[in-house]
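These notes concern the structure reproduced below.
The values are calculated or read from the model by the stated rules, or taken from the named source; none is laboratory data. A quick note: this is a predicted structure, and the numbers were derived from the prediction, not measured. Here the Cβ positions follow ideal geometry from the backbone for every residue, glycine too, while neighbour counts run over all protein chains shown. Just the protein is used for accessible areas: all its heavy atoms, side chains included, with ligands, DNA and RNA removed. Shrake-Rupley method; radii C 1.70, N 1.55, O 1.52, S 1.80 Å.
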Amino acid sequence: MSLLAFCEWLAATEGSIALHESMYMYPIVESTHVLALMLFVGFATLLDLRLLGLTLKRVPVSQVAERLLPWTIAGFVVMVVTGVLLFYAIPIRTYQSIFFRAKVIFLILAGLNVWLFHSRIFTRIAEWDHDIITPRAARRAGLASLVLWGAIIVAGRMIAYNWFDCDIQPQPAFVNWAAGCVVPTVTP
Ligand code: HEM
């Protein structure tokens, strides 16, 4: 079964139709997706700014991480759960959205950056915990995080715009390829 066929199956399920057509549930889920940004991206940004030596300069990095990470993780879980529900409500259009596809690529890169930071750089925190200017690798991780989460937010916001939707043809060949549009070939 192709991913598109899976999305078509998902879109025909009672739950997807009910969420998509709901008067209040969909706006509540989407508002929660946006509100959780405060917790997740807000706290992640504070740690990134500390890694860049731009704020909380006199607070050891380990203390910033220890206090902010539980809230950041809670916000991330809410973002993912509400995000999956938003996808579930409109699976075909979202799957064929170039903005959603870009967002997924950025999410994977952001996840890789988090993993590399915690598995490689943060393990040596004792060597640089009190430094105002942290090691280059830590500053790079902080900057990459800020850029990637910013890109994820912009891509997420753009999903609502239908400029490049598959059902608005003709689209440039690159858009049809990137979005996975199935465009019927017209035989003369
Ligand atoms: C974890 C990090 C995430 C962040 C920071 C994030 C951020 C955002 C933002 C800012 C929006 C725009 C909301 C609006 O203005 O209406 C959005 C929309 C959306 N997000 Fe996420 N998101 C995340 C994860 C996910 C995940 C994991 C999924 C699905 C698997 C997802 C699916 C969606 C969908 C489908 C929309 C479009 C909703 C609409 O316009 O109707 N998001 N996201």
Which of the residues belonging to the range 1-33 are surrounded by 14 or more Cβ atoms within 10 Å (Cβ to Cβ) and of a type in the set (Val, Ile, Thr)? Val29, Thr32
Given the structure, is Ala137 at pLDDT 95 or above and away from the ligand (no atom under 13 Å from the Cβ)? yes
Going through the range 144-188 in order, the residues found to be away from the ligand (no atom under 16 Å from the Cβ), assigned to a helix (DSSP H, G or I) and surrounded by 14 or more Cβ atoms within 10 Å (Cβ to Cβ) are Val175, Asn176, Ala178
Within the range 80-98, how many residues are under 12 Å from Phe164 (Cα atoms) and of a type in the set (A, V, I, L, M, F, W, C)? 1
Considering (1) within 12 Å of the ligand (Cβ to nearest atom); (2) crowded, with 19+ Cβ neighbours inside 10 Å; (3) among the acidic types (Asp, Glu), say which one Asp48 fails and leave the rest. (1)
Go through the residues of the range 92-109 one by one and say whether even a single one is in contact with a Ser or Thr (Cβ under 6 Å, 6 or more places away or on another chain), open to solvent by less than 80 Å² (accessible area, probe 1.4 Å) and either within 16 Å of the ligand (Cβ to nearest atom) or part of a helix (DSSP H, G or I) (or both). yes
Ile92 vs. criteria over 23 Å from Gly53 (Cα atoms) and more than 17 Å from the chain's Cα centre (by Cα): yes
Filter the range 110-143 down to the residues that are among the small types (Gly, Ala, Ser), closer than 27 Å to Gly83 by Cβ and open to solvent by less than 30 Å² (accessible area, probe 1.4 Å) and list them by number. Ala110, Ala141, Gly142
Within the range 53-79, the count of residues that are open to solvent by 70 Å² or more (accessible area, probe 1.4 Å) and within 13 Å of the ligand (Cβ to nearest atom) comes to 3
